[in-house]
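K.L.:
Below you'll find the structure I mean.
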Amino acid sequence: MTTSPHQRPAPRTTHLLYLHGFRSSPQSMKAQKMAARVAAHHPGVTWSCPQLPPSPHAAMTLLQQSVQDWPRAQMVVVGSSLGGFYARWLSLRLGCRTALLNPAVFPARDLAKYIGEQTNWHDRSDTFHFRPEFVEQLRLLEADIDRESSRQATAPDDLFAIIAKGDEVLDWREMQTFCQGGALRLLPGSDHAISDFDEHIDALFDFLQLAG
């Protein structure tokens, strides 16, 4: 099931931020495909895909500092999994548009079992320690999202989400509720990584409305 996002004649998106998921990196499949497409077809767009620190508080501080000079009306934040949760928080904070790819909804609950040493999916030599206080930081961010989303109406022009019913990690029903009011592309199958991303990237870029 697809709800098509409304077309936005102006302004075009000039700044694009991509946020990867837990234990992921800018080397993820979706990040790489998006970076290549932006470079090939939208060379004038400012693209950023930082490596996020394991601390949610540090990650949000980094992101807010990195986009502080970006034009709010001409920027979009795209996030996958935990990055989708972060993208939702950041978009509500800044008042910008966002696109979410199988976003985490209750990361404090889901990541509590990962406390301890972890490895990066794309570089097994890169390890980090996921600390108990990071779970509490996620709870605070969840509360922020609940509060801000109750104050700000979500419209299809503001939020687009690709949600896979076949996600083996997250509950698609929770994700659908999390993205309520936005434009949804609900996939009958697929998986958490959205391995068939090539089939859906056009719909995502239709929403992004990138400048040339």
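K.L.:
For region 104-212, what does the alpha-carbon gyration tensor say about shape, rounded, prolate or oblate, given a ≥ b ≥ c as the root eigenvalues, a/c under 1.5 as rounded, and a/b over b/c as prolate?
P.N.:
The shape class here is oblate.
K.L.:
Now a separate question. Name the shape class, rounded, prolate or oblate, that the alpha-carbon gyration tensor gives for region 138-196, where a ≥ b ≥ c are the square roots of its eigenvalues, rounded holds for a/c under 1.5, and otherwise prolate holds if a/b is larger than b/c and oblate otherwise.
P.N.:
oblate
K.L.:
Right, here's the next one. If you average the sequence gap of Cα pairs under 8 Å that are 6 or more apart and divide by the length of the chain, what percent do you get for the contact order?
P.N.:
With pairs under 8 Å counted, the relative contact order is 26 percent.
K.L.:
Modelled label-to-label distance, ASP171 and ALA143, 7 Å Cα→beta-carbon offset: nm?
P.N.:
Distance between label points: 2.2 nm.
K.L.:
Right, next: Would you mind getting the accessible area per residue of the chain, heavy atoms of the protein chains only, 1.4 Å probe, in Å²?
P.N.:
Solvent-accessible surface per residue comes out at 46 Å².
K.L.:
Right, something else. Which one of PHE128, PHE205, HIS42 has its Cα pushed farthest toward the positive end of the charge dipole of the chain, where Lys and Arg give +1 and Asp and Glu give -1 at the Cβ?
P.N.:
Towards the positive end, the residue furthest out is HIS42.
K.L.:
What list of ³J(HN,Hα) couplings, whole Hz, do you get for region 58-73 from phi and the Karplus terms 6.51, -1.76, 1.60, once you set θ to phi - 60° and write x for glycine and proline?
P.N.:
Once rounded to whole Hz, the list reads 5, 5, 5, 5, 4, 5, 4, 5, 6, 10, 4, 9, 6, x, 4, 6.
K.L.:
Among 120-132, 58-70, 167-179, 18-30, how do they line up from the highest to the lowest mean number of other beta-carbon atoms within 10 Å?
P.N.:
Put in order of decreasing packing, that is 18-30, 167-179, 58-70, 120-132.
K.L.:
Let me ask something else. Please state, to two decimals, what the Cα-based radius of gyration of the chain comes to when divided by 2.2 N^0.38 Å (N = residues).
P.N.:
0.95
K.L.:
Oh, and also: Any idea what the relative contact order of region 118-212 is, in percent, if you count C-alpha pairs under 8 Å spaced at least 6 apart?
P.N.:
22
K.L.:
What residues have an amide H closer than 5 Å to that of CYS179, excluding those fewer than 5 places away on the same chain, when H is modeled at 1.01 Å from N in the peptide plane?
P.N.:
Those qualifying (amide H under 5 Å, at least 5 residues apart or on another chain) number zero.
K.L.:
Once label points are set 7 Å from the Cα along Cα→Cβ at both ALA36 and HIS192, what is their separation, rounded to one decimal in nm?
P.N.:
Here the modelled spin labels are 2.4 nm apart.
K.L.:
For n ≥ 4 DSSP H runs only, could you compute -39500 (n - 2.57) per run for the chain, divide by its residues and tell me the 222 nm figure to the nearest 500?
P.N.:
The helix-only estimate for the chain comes to -11000 deg cm²/dmol at 222 nm.
K.L.:
Quick check: pseudo-label points 7 Å beyond the Cα along Cα→Cβ at GLU136 and GLN64, how many nm apart are they?
P.N.:
Going from the GLU136 label point to the GLN64 one covers 1.9 nm.
K.L.:
Which whole-angstrom value gives the distance between the alpha carbon centres of region 81-115 and region 14-45?
P.N.:
Using only Cα atoms, the two centres lie 17 Å from each other.
K.L.:
Ignoring ligands, DNA and RNA, what percent of the accessible area of the chain is carbon or sulfur (1.4 Å)?
P.N.:
With neighbouring chains kept in place, the figure for the chain is 49 percent.
K.L.:
Continuing with the same structure: By its C-alpha gyration tensor, with a ≥ b ≥ c as the square roots of the eigenvalues, how is region 126-167 shaped: rounded for a/c under 1.5, else prolate for a/b larger than b/c, else oblate?
P.N.:
Cα axes put region 126-167 in the oblate bin.
K.L.:
While we're here: Around VAL78, which amide H atoms from residues at least 5 apart in sequence, or from another chain, sit under 5 Å from its own amide H, with H modelled in the peptide plane?
P.N.:
Amide H to amide H, under 5 Å and 5 or more residues apart or across chains, VAL78 pairs with LEU17, TYR18, LEU19, ALA99.
The values are calculated or read from the model by the stated rules, or taken from the named source; none is laboratory data. Source: prediction; values computed, not measured. Cβ sites come from the backbone with ideal geometry, for glycine too, and all protein chains shown count toward neighbours. Ligands, DNA and RNA are excluded from the accessible area calculation, which covers all protein heavy atoms including side chains. Shrake-Rupley method; radii C 1.70, N 1.55, O 1.52, S 1.80 Å.
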